[in-house]
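The values are calculated or read from the model by the stated rules, or taken from the named source; none is laboratory data. Computed from a predicted model, the values in this text were never measured in an experiment. All Cβ positions, even for glycine, are placed from backbone atoms using ideal geometry, and neighbour counts span all protein chains on display. The area values use the complete protein model at the heavy-atom level, side chains included, leaving out ligands, DNA and RNA. Shrake-Rupley method; radii C 1.70, N 1.55, O 1.52, S 1.80 Å.
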Amino acid sequence: MELLERKKCVAELTDWLRRAIEGAGCIALLGAEAGMGKTALLQEFAKAPLGARVLWGGCDALFAPRPLGPLYDVARQTKGELLAAINSDASREVIFAAALNELERTHTLIVFEDMHWADEATLDLVKYLGRRIQRTRAMLAVSYRDDEIGPRHPLRLVIGDLPRAATHRMSLFPLSEAAVAQLARQAGQPSADLYRITGGNPFFVTEALAAVADKVPISVRDAVLARALRLTPEAREIAELACVVPGRTESWLLEQAVLFDEAAIEGCLGIGMMRADDGALTFRHELARRAFEDSLSQSHRQLLHAKVFAALSARPHISSARLAHHAAGARNAAAVLQFAPLAAMQAASVGSHREAASLYQVALLYAQEIAPDERASLYERFAYECYLTGQHERAIEARSAALEVWRASGARMREGDALQWLSRLSWFIGRRADANRYGAEAVATLESLPPSPELARAYGNCAGLDMESHELESAISWAQRAIEIAEPCAANEILCDALGVLGIARLIAGDASGWADLGRTLRLALDGALQEQVASAYNDLSAMAVSWRQYDKASRWLNEGLAYCEKHDLDSLRLYMLAYRARKAFEQGDWPAASEDAEAVLRHPLASPITRIPALRTLGHIRIRRGDPQAEAALEEAWAIGGAAQELQRIGTLAAIRAEAAWLAGDREGVIKAVGPAYEMVCRRRDPRMKGELACWLWRVGALKGQPSEIADPYAQEISGDWRAAASGWKQLGCPYEYACLLAWHGTETEQREALDILERLGAAPASQALRKRMRAEGVRAVPRGLRTSTRSNRLGLTRREAEILALVSQGMRNSAIAKRLFVSTRTVDRHVSAILSKLGVQSRGEAAAMVNKRPGSPD
């Protein structure tokens, strides 16, 4: 049927392609619900590609999508370097580089369809190309169902990471009532109730009109099945076979699996199926295929899958993922156990870890039919993929199942390694007691055997556990034992992990030799191309530089580390570094930037609970210093994530933040309550910075007993009574808030005015208000006024500009549109929106907008 109400969309796509050909390569995102005509629009647009070659690839609705499925489709069209790379055992980096080289060769329109079904590696490819597309003369058009990608869908994350300057977005909307009526007239059908029932969905409209029923079908399924009633038995046999094959049913597959009949094929085309130039048959829309498939009985579907599997398995070069899909549909245990693990390994090799986990899970459904040691190995591989994708509970279940097998068979080495993994996984989900127990069992088991890399890994695990709880001497000892075993046998991954723990433990204890350990870790990892260890080393160097308040060093490591993680798509550690960059910006007084980074971590769908903790702490701390609402909510969430058995690092940091909140509220007892237990714990450990900070809070409220030893400056200087040296120390370190507070508490009138200026500039409302009150009480004249009247009168605590931007946000305007309206940069609006969300204590623009119309005192 005629493509109605889409001319403007075609013109816009053509304009984007023209600009790409002229040197501004771009990505076009086409989002709409199922049946809205995304494919039809792209096909119409591709008819006149301005001289660019057109490449087409799509994702299939397999239970575990083919790794890099769209790229395989494209490679078969381009041949050459890309096809050679993708058919070899080349690394993901080589394949991605070949794809980019292909786009750089000539003017190109490349289409990736149905990206809501994309595997992890394809999503990474889009991110990789998106960051480099501007250097090409190509346009990558990506279509997806926007109603199927929620806030935590992996595709949503990729879209959010694409460079704005090179990304265009387009949404398709339902047809109007007039357009639906026009289609009905063209089909010679009445239009009564058609628009109301179909909602203007083009596919539903087309199917309903083609059904030629007495009344409009009430669902897509009914419309599709009504059309299918016209099929002959021969045509129906072909359609039924094709409906269990996601994507294309090749002509050779039809010929081998059913009685091939051209008349029957014509019958299939008559109900809306399509035939490609090479004879492959497809349903015009996935909704139609699903409707047809769902109408079949389970036993009939199983028989059809068996036919397809038999034909595919007799042919070379069929992907293992496709074979596994039909083997599972046929409930062919032997075939599933043959092809699902193979497909999983192939998926993992290119970074599609979610798909690998799904494939291993299917194989495990039939695992009772294989030998125990094979079953245990399958559980371990599944557990590792679950670990990589953040499915820690499932990983623990699988490792526990493997452990039972190894214990029963007396395989002590495998038993010890399984225990080490259970310790590590238990720590990730906050089960510290289990982590300690499994860690000790792993060491005891493996020490009964000759020294091995597995024992070194178990020692390194114990080192990490003790380091997290600040049992530093024990952590250092465990790490050194791990190094002694790992180094001679060149187990460099284990060696890097142990050196990292050793360096951090020494630095926490105030021993600067830890920098050399971390530097060696980074060099080893870079030399060995150990990506996870490289990113971990950058993360450790950054975190410790922030902890030591060596901000220049921290900036260097953060910049290099974030760039490395972005290049290699290591999102989990990139988010951790973003959290530390937020802390750094906060301590240096750039609170809008700190809030922006912390919120970016919290919004990220792949942010693990452990990654959220430092981001929540920083966000809560910002809110406390600004006097914003919901500060305690962020701290409570950070505490809840840590679980019942909290580690000293988390206990001490949250104690210091809560002490500051109590201090600003004038609650002396609250300071003592927040700090007391944590201070007692840290006095039994070695951490000069944490011990100094907690001791300082007790000293400020007159509750510190005795002069503490081994604490860092400037805390030691303040406690000794030399507040000016402490203030000078904070200033040299680059911490304006701490510097201003000491001037405010102890300084002359001139110094207090300087402090007030700093605090106002930072937006530290509670501290500046307390200082003004103090100055007036001391008889200081002409104390500067506080927040502007516009801010005081704003019930949400926003500045006039923030209130103005929030009003525009509540109208549904995007940041770029707000920037044009207010004649400022989009970056400026981004910062204001970030500050607004932080002040209001909300996570989204929608929540913030909802607060605009809420009356004071009304219930939530």
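Just to be sure, is GLY247 closer than 21 Å to GLN43 by Cβ and either open to solvent by 10 Å² or more (accessible area, probe 1.4 Å) or in a helix (DSSP H, G or I) (or both)?
Yes: the conditions hold for GLY247.
Please tell me if LEU606 is under 19 Å from the mean Cα position of the chain (by Cα), open to solvent by 30 Å² or more (accessible area, probe 1.4 Å) and farther than 19 Å from ARG583 by Cα.
In short, yes.
Tell me which residues, restricted to the stretch 77-102, are open to solvent by 30 Å² or more (accessible area, probe 1.4 Å) and among the hydroxyl-bearing types (Ser, Thr, Tyr).
SER88, SER91
Taking the conditions exactly as written (in contact with a Lys or Arg (Cβ under 9 Å, 6 or more places away or on another chain), assigned to a helix (DSSP H, G or I), among the small types (Gly, Ala, Ser) and buried (at least 24 other Cβ atoms within 10 Å of the Cβ)), does ALA479 satisfy them or not?
no
Check SER469 against each of (1) under 26 Å from ARG506 (Cα atoms); (2) open to solvent by less than 10 Å² (accessible area, probe 1.4 Å) and name the one condition it does not meet.
Of (1) under 26 Å from ARG506 (Cα atoms); (2) open to solvent by less than 10 Å² (accessible area, probe 1.4 Å), only one is false for SER469: (2).
With (1) assigned to a loop (DSSP other than H, G, I, E, B); (2) over 20 Å from ARG354 (Cβ atoms); (3) open to solvent by 10 Å² or more (accessible area, probe 1.4 Å) as the list, and GLY35 as the residue in question, which single condition is left unmet?
Evaluating GLY35 over (1) assigned to a loop (DSSP other than H, G, I, E, B); (2) over 20 Å from ARG354 (Cβ atoms); (3) open to solvent by 10 Å² or more (accessible area, probe 1.4 Å) leaves (3) as the failure.
Could you grab me the full set of residues in the stretch 270-300 that are part of a helix (DSSP H, G or I), of a type outside the set (Phe, Trp, Tyr) and under 36 Å from the mean Cα position of the chain (by Cα)?
GLU286, LEU287, ALA288, ARG289, ARG290, ALA291, GLU293, ASP294
Can you tell me which condition VAL74 does not meet? The list is (1) surrounded by fewer than 21 Cβ atoms within 10 Å (Cβ to Cβ); (2) under 28 Å from the mean Cα position of the chain (by Cα); (3) of a type in the set (Val, Ile, Thr), and all the others hold.
Answer for VAL74: the failing condition is (1).
Looking at ILE476, ILE508, ILE504, can you tell me which residue is touching a residue at least 60 places away in the same chain (Cβ under 8 Å), of a type in the set (Val, Ile, Thr) and under 24 Å from GLN646 (Cβ atoms)?
Result: ILE508 is the single residue among ILE476, ILE508, ILE504 that is touching a residue at least 60 places away in the same chain (Cβ under 8 Å), of a type in the set (Val, Ile, Thr) and under 24 Å from GLN646 (Cβ atoms).
I'd like to know if the stretch 219-234 contains one or more residues that are open to solvent by 30 Å² or more (accessible area, probe 1.4 Å), modelled with pLDDT of 90 or more and assigned to a loop (DSSP other than H, G, I, E, B).
There is at least one residue in the stretch 219-234 that is open to solvent by 30 Å² or more (accessible area, probe 1.4 Å), modelled with pLDDT of 90 or more and assigned to a loop (DSSP other than H, G, I, E, B).
With GLU404, GLU484, GLU415 as the choices, which residue is acidic (Asp, Glu) and either crowded, with 24+ Cβ neighbours inside 10 Å or in contact with a Phe, Trp or Tyr (Cβ under 6 Å, 6 or more places away or on another chain) (or both)?
On the way: GLU404 fails: either crowded, with 24+ Cβ neighbours inside 10 Å or in contact with a Phe, Trp or Tyr (Cβ under 6 Å, 6 or more places away or on another chain) (or both); GLU484 fails: either crowded, with 24+ Cβ neighbours inside 10 Å or in contact with a Phe, Trp or Tyr (Cβ under 6 Å, 6 or more places away or on another chain) (or both).
From the options GLU404, GLU484, GLU415, the qualifying one is GLU415.
Are any residues in the stretch 2-26 surrounded by fewer than 11 Cβ atoms within 10 Å (Cβ to Cβ) and either touching a strand residue (DSSP E or B) at 6+ places or on another chain (Cβ under 8 Å) or of a type in the set (Lys, Arg) (or both), and if so, which ones?
The answer is LYS7, LYS8.
Any residue at all in the stretch 184-191 that's open to solvent by less than 60 Å² (accessible area, probe 1.4 Å), under 43 Å from the mean Cα position of the chain (by Cα), at pLDDT 85 or above and hydrophobic (A, V, I, L, M, F, W, C)?
Checked against the condition, which is being open to solvent by less than 60 Å² (accessible area, probe 1.4 Å), under 43 Å from the mean Cα position of the chain (by Cα), at pLDDT 85 or above and hydrophobic (A, V, I, L, M, F, W, C), the stretch 184-191 yields no hits at all.
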